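Since the structure comes first, as structure tokens, the remarks are kept for the end.
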Amino acid sequence: MIGSVESGVALRPNVVLIGMMGSGKTSVGRLLADWLGVRLHDIDATIEYEAGCGIPEIFERRGEAHFRELEREAIARAVRGRPCVIATGGGAFVDPGNRRALKAGGIVIYLRASAERLAERVRRTRKRPLLRDADPLARIRELLAEREAAYREADHVIDTDALRVDEVVARILDLPSVRAAC
């Protein structure tokens, strides 16, 4: 069985969702967790709850480096809380330590979307501190180029551009490694 053994009991692996902001990690994660009968561990929501403020405010007050440290701590706790669905922040999987922890603790699925589709999905939000730019589409393309190599280390890639949330969940549930683990 995939996963680790704790106290002699094999643990089901977590299902880890990675990808850019707007790729659907939280929406897919909610529905997937319901289908699997496990809890969703949304890393960004956890950080906001524990910090008592939103991510933009963390960036403004303490900077991105502080946010990334909070993210590493939240991920380290999440991978121990099996089984669950983990929805990471867009940049989380780029960090080598996070990448190792997430891969060791679960089945990693990259929800891939085009820069244009991502820009369309996030255009109305002010909650994206890395998109406070005159040209959000150009910034998304830049971030995608920086992150794509790390994202490609996922166990599976699902293109989400033309899919509804329920269709993405169906594809995840149809993956042999997910079926075998659950």
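Just one residue in the set 124, 179, 100 is under 25 Å from residue 71 (Cα atoms) and either touching a helix residue (DSSP H, G or I) at 6+ places or on another chain (Cβ under 8 Å) or at pLDDT 95 or above (or both); that residue is 100. Listed conditions (1) touching a Gly at 6+ places or on another chain (Cβ under 9 Å); (2) in a helix (DSSP H, G or I); (3) crowded, with 20+ Cβ neighbours inside 10 Å are all met by residue 85, apart from (2).
Residues in region 106-120 that are modelled with pLDDT of 95 or more and not aliphatic (A, V, I, L, M): 110, 112, 114. Can you pull out every residue in region 136-160 that is part of a loop (DSSP other than H, G, I, E, B) and surrounded by 13 or more Cβ atoms within 10 Å (Cβ to Cβ)? Matches in region 136-160: 153, 154, 155, 160. Of the numbered criteria (1) of a type outside the set (Lys, Arg); (2) in contact (Cβ under 8 Å) with a residue 24 or more places away in the chain; (3) part of a helix (DSSP H, G or I), the one residue 70 fails is (2). Across region 164-178, the number of residues qualifying as surrounded by fewer than 18 Cβ atoms within 10 Å (Cβ to Cβ) and among the hydrophobic types (A, V, I, L, M, F, W, C) comes to 4. The set of residues in region 38-73 being surrounded by 14 or more Cβ atoms within 10 Å (Cβ to Cβ) and hydroxyl-bearing (Ser, Thr, Tyr) consists of 46 alone. Scanning region 103-117 for residues that are assigned to a helix (DSSP H, G or I) and touching a helix residue (DSSP H, G or I) at 6+ places or on another chain (Cβ under 8 Å), we see that the one that is surrounded by the most Cβ atoms within 10 Å (Cβ to Cβ) is 105. The C-beta contact set for region 161-182 (first residue in a helix (DSSP H, G or I), second residue not aliphatic (A, V, I, L, M), distance under 6 angstrom, 6+ apart or interchain) comprises 165/27; 168/160; 181/12; 181/13. I'd like to know if region 46-62 contains one or more residues that are over 30 Å from residue 164 (Cβ atoms), modelled with pLDDT under 95 and among the basic types (Lys, Arg). For region 46-62, residues over 30 Å from residue 164 (Cβ atoms), modelled with pLDDT under 95 and among the basic types (Lys, Arg): present. Check whether at least one residue in region 17-24 is assigned to a strand (DSSP E or B), of a type outside the set (Asp, Glu) and modelled with pLDDT of 95 or more, and report yes or no. Checking region 17-24: at least one residue is assigned to a strand (DSSP E or B), of a type outside the set (Asp, Glu) and modelled with pLDDT of 95 or more.
The values are calculated or read from the model by the stated rules, or taken from the named source; none is laboratory data. All values reported here derive from a predicted model rather than from experimental measurement. Glycine gets a Cβ as well: all are built from the backbone with ideal geometry, and neighbour counts include every protein chain shown.
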